[in-house]
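Novice: Starting off with a structure, shown below.
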Amino acid sequence: MPLDLVVFAFWAMLPAYVPNNVAVLAGGGAPIDGGRTMGGRRLLGDGKTWRGTAVGTLAGVALAQALNFLGPVVVRLTGVSVPAFPLPAALGLALGAMLGDIAASFIKRRTGRERGAAFPVVDQLDFVAGALACAALADLGWFLDTFSLAVLGVVVVLTPVLHVATNGIAYLLGLKEEPY
Ligand code: CTP
Ligand code: MG
């Protein structure tokens, strides 16, 4: 994998990577499903809260603004190109990442997995699918310019590695109850 491509892909996905991690820190309070159940199980569960979702999304959008400032500096210093984030694209990536994770919770509950249960592959890629789908909906031109097949390939390989690593660290620091 050429380093330039890895840097570009990582940069493009940062506004999608940060929201779920911020939600872990900011979560709590009222659950999105309001305690409602479906077929005897929670719709989503206590792990998906309004506060975690809102703060996580805002953090992703704010990070995209910071990256828009830093991008030109990085390009000048290193010559590596990185994408800029128009507001709709930033919002699509950040909110989409949270929605992907929420959709996965819905599927987990329907398939009998309790809150916090591991769901390999889905846990690592739910937020990527949500982020890419919502970014494409929010700003298709930007999405197509940014996510070439090569970049998408790097994202699909890189994300699970980063996800396992960051969640493992959050677990070791006592921030998360499970290491996934
Ligand atoms: N969190 C939140 N709101 C979200 C996502 C996460 O408040 N939309 C917080 C919750 O405190 C949650 C923690 O981050 O417990 C860890 O997130 P995650 O692992 O996604 O949730 P789980 O508790 O494992 O629940 P689930 O099995 O439904 O994924
Ligand atoms: Mg979990």
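Novice: Can you put F147, F10, F85 in order, fewest other beta carbons within 10 Å first?
Specialist: Fewest-to-most Cβ neighbours within 10 Å comes out as F10, F147, F85.
Novice: Viscosity 1.567 mPa s, temperature 4 °C: Stokes-Einstein D of the stretch 1-104 from its Kirkwood Cα radius, in µm² per second?
Specialist: 87 µm²/s
Novice: OK, next. Based on the alpha carbons, how large is the Rg to Rh ratio for the stretch 69-167 when Rh follows Kirkwood?
Specialist: Checking Rg against Rh, the ratio lands at 1.04.
Novice: Assign unit charges at the C-beta atoms only (+1 for Lys and Arg, -1 for Asp and Glu), then state the dipole size of the chain relative to its Cα centre in Debye, rounded to the nearest 20.
Specialist: Here the chain has a charge dipole of around 520 debye.
Novice: Between R36 and L152, take the C-beta separation as r, use R0 = 35 Å, and let me know the FRET efficiency to the nearest 0.05. Each step should come with its number before you reach the end.
Specialist: Numbers: r = 36 Å, r/R0 = 1.02.
According to the calculation, E is roughly 0.45.
Novice: Moving on. Counting just the Cα atoms, what span does the chain cover along each of its three principal axes? Round to the nearest Å and put the largest first.
Specialist: Cα spread of the chain along its principal axes, largest to smallest: 55, 30, 27 Å.
Novice: Right, something else. For q values of 0.12, 0.16 Å⁻¹, compute log₁₀ I(q)/I(0) with the Debye formula on a Cα-only model of the stretch 115-180, without solvent.
Specialist: Debye intensities relative to I(0), on a log10 scale: -0.39, -0.63.
Novice: Once the dipole of the stretch 41-111 is set up with Lys and Arg at +1 and Asp and Glu at -1 on Cβ about the Cα centre, which of Q65, T78, A104 lies farthest towards its positive end?
Specialist: About the Cα centre, the residue reaching furthest to the positive side is A104.
Novice: For a protection proxy built on the mean count of beta-carbon atoms within 10 angstrom, sort 111-117, 100-106, 23-29, 35-41 highest first, please.
Specialist: Descending mean neighbour count gives 100-106, 23-29, 111-117, 35-41.
Quick note: the coordinates plus some simple rules give every number you see, no bench work behind them. On a predicted model such as this, the values are computed, not experimentally measured, just so you know. Note that we place each Cβ from the backbone using ideal geometry, even for glycine, and neighbour counts take in every protein chain shown.
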